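The values are calculated or read from the model by the stated rules, or taken from the named source; none is laboratory data. Remember, it's a predicted structure, so these values are computed and weren't measured experimentally. Cβ placement follows ideal geometry from the backbone for every residue including glycine, while neighbour counts extend to all protein chains displayed.
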Amino acid sequence: MDALTLAFIPVAAVLTVTPGSDTMLVVNNTLTRSTADGLCTVAGINAGLFVHALASALGLSVILMNSATAFEMVKMAGAIYIIYLGIQSLRNSRKHEEAEFSTKTCSKGISASIREGFLTNVLNPKVAVFYLALLPQFISPGESILRQSLQLMAIHFSMGIIWFSFVTLALGRVRHLLSGGKFKKRLEALSGVVFIGLGLKMALSNK
């Protein structure tokens, strides 16, 4: 492992543990659905990193960074999706059923949780732009850009899997203490407000 790759590790670590929409989604899906849902969400989020790394290596992120129209389209798509998740959470918080929390299976299905995590990550243009601005600084001249980009992404991917899995499993251990219907409703409502706030912030933010 060369010096540039070693230098990338602490930068990726900071990026991984910094809270954002990904973290909020993992917390919400773990506590309001199941531990398995949280892990499925983690898988989806980290799968999105492959898209960003590949786009950066192929130069597609350059288009996103330099084209105001492309950036706005992706930004609005991401904002709308996060707001949609917020509205869904608010709707769920209004339900009167106090369903038991499952600790073994994905309550909404594996595909649904993976899809939510994947789209939340992929539709965040700031992640793509960050990859474009960050990765080139840790790529050695003359080497394969695609290979090095995927190598750096693999490091970030591994950190994401470890960190978010730790968060999910830690929350999973206390879910039985927070399994009351009132707590679930309040968390769904809070998550809904936070998601909508994040979506509006993304939509209104400048490039």
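Within region 2-14, residues that are touching a residue at least 40 places away in the same chain (Cβ under 8 Å) reach partners that are surrounded by 14 or more Cβ atoms within 10 Å (Cβ to Cβ) and not hydrophobic (A, V, I, L, M, F, W, C) with beta carbons closer than 6 Å, at six or more positions or on different chains, in the pairs Ala12/His156. Can you find a residue in region 166-174 that is in a loop (DSSP other than H, G, I, E, B) and closer than 28 Å to Asp37 by Cβ? The answer is no, given that none of the residues of region 166-174 is in a loop (DSSP other than H, G, I, E, B) and closer than 28 Å to Asp37 by Cβ. Within region 1-26, if we keep just the residues that are β-branched (Val, Ile, Thr) and assigned to a helix (DSSP H, G or I), the residue that is nearest to Leu90 (Cα to Cα) turns out to be Val26. The numbered conditions (1) hydrophobic (A, V, I, L, M, F, W, C); (2) touching a Pro at 6+ places or on another chain (Cβ under 7 Å); (3) modelled with pLDDT of 75 or more are all true for Val122 except (2).
Within region 27-56, the residues that satisfy the criterion of being over 23 Å from Lys184 (Cα atoms) and either of a type in the set (S, T, N, Q) or outside any helix (DSSP H, G or I) (or both) are Asn46, Ser56. The conditions of being under 15 Å from the mean Cα position of the chain (by Cα) and either among the β-branched types (Val, Ile, Thr) or surrounded by fewer than 17 Cβ atoms within 10 Å (Cβ to Cβ) (or both) are met by Arg115.
Here's the yes/no breakdown for (1) at pLDDT below 85; (2) crowded, with 21+ Cβ neighbours inside 10 Å; (3) at negative phi:
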site: Lys126; (1), (2), (3): yes, no, yes
site: Ala133; (1), (2), (3): yes, no, yes
site: Ser144; (1), (2), (3): yes, no, yes
site: Ser149; (1), (2), (3): yes, yes, yes
site: Ser158; (1), (2), (3): no, no, yes
site: Thr168; (1), (2), (3): no, yes, yes
site: Arg175; (1), (2), (3): yes, no, yes
